[in-house]
Amino acid sequence: MPFELDRSGWSGEGTFTQLLLDRLRDLDGVRFVRVEDAPATRSDADYNFISNELFVDFVTADRREHTKRFGFLPSVRTVTEKTMTMAGLESALTAIADIGAPDYGDGGMLQYLRAERIVPPYQTRGYKIVELVRIYEVGTPRRE
């Protein structure tokens, strides 16, 4: 099944977010990624705070399981399982050199926080870009 990417809710801001999307495209267990701008994004004279959310869906595989109905009737049922979990995604991203371990992670979310100082050649003072990226599994309730 080919990798799908939905960028319709994303403004395109965030170099680390783009890097994550490029690396998620290469992972075998990820089927779908939707990226959205989070409501926390803001800009000021001295800094830009970019907040993005990624929603991932994993590849599923069917397997046949032999069971007995009512304790004696043999039957076969099909069980659908995900080939990757959020914990597996965390270890896969940690193994990638330019991504690394998340700054925070639990069973339902991975969070990366990156900061970069930009000093344009025509200014004496620069500004700071702070980028927050949260990764959720599709179907996880939204956190506020």
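The values are calculated or read from the model by the stated rules, or taken from the named source; none is laboratory data. All values reported here derive from a predicted model rather than from experimental measurement. Please note: Cβ atoms are built from the backbone with ideal geometry, for glycine as well, and neighbour counts cover all protein chains shown. For accessibility, only protein heavy atoms count, side chains too; no ligands or nucleic acids. Shrake-Rupley method; radii C 1.70, N 1.55, O 1.52, S 1.80 Å.
Elements of the type strands (runs of 3 or more DSSP E) sitting completely within the range 49-144 and holding at least 3 residues that are over 30 Å from Ser11 (Cβ atoms), open to solvent by 40 Å² or more (accessible area, probe 1.4 Å) and hydroxyl-bearing (Ser, Thr, Tyr): there are none.
Of the residues contained in the range 22-31, none is found to be on the phi < 0 side of the Ramachandran plot, in contact with a helix residue (DSSP H, G or I) (Cβ under 6 Å, 6 or more places away or on another chain) and not aliphatic (A, V, I, L, M).
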